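All remarks here apply to the structure that follows.
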Amino acid sequence: MRTAIDAAGRVVIPKALRDALGLTAGQSLDVVERDGRLEIVPAPTPMRLVDQGDGPVAVADVDMPELTADMVRDVLEQTRR
């Protein structure tokens, strides 16, 4: 897919790619140069480790959507294809 940089320096990620990668409006992205190429990757979710007695647990520092059985099933089906 081809896109362009506008006069303000913005790049539009085509909808088909946004949908395929699960990118949403307002989502933070990291933009880096690597080996002469531009890479755009979702920024990692800020997390911290909390000791809950049985060992450390990763806890997100931002609100996260509830993980449902349907979401897990969808991801499993996508990875099996």
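For the reader, a short list of remarks on this structure follows.
- Annotation: amide H of residue 47 within the under-5 Å range of 61, sequence separation 5 or more or interchain, hydrogens built in the peptide plane.
- Degrees, to the nearest 10: 69-80 long Cα axis against longest axis of the chain: 60
- With a Förster radius of 30 Å applied to the C-beta separation of residue 28 and residue 80, the computed FRET efficiency comes to 0.50.
- Around residue 72: net Lys/Arg minus Asp/Glu count, Cβ-Cβ under 13 Å: -2
- Candidates per trypsin sites (Lys or Arg not before Pro) in region 1-66, loop by DSSP, up to 13 other Cβ within 10 Å: 2, 10
- Net charge over other residues, Cβ less than 15 angstrom from the Cβ of residue 42 (K, R count +1; D, E count -1): -2
- In this label model, residue 16 and residue 3 are separated by 1.4 nm, measuring between points 7 Å along each Cα→Cβ vector.
- Read-out volume of the Cα convex hull per residue in Å³, derived from the coordinates shown; its label in (i) 171; (ii) 193; (iii) 97: (ii)
- Two-site label geometry, residue 37 and residue 66: point separation in nm, points 7 Å out along Cα→Cβ: 4.0
Every number in this text was worked out from the coordinates using simple rules, so none of it is lab data. Bear in mind the structure is a predicted one, so any value in this text is a computation, not a measurement. All Cβ positions, glycine included, derive from the backbone under ideal geometry; neighbour counts span all protein chains shown.
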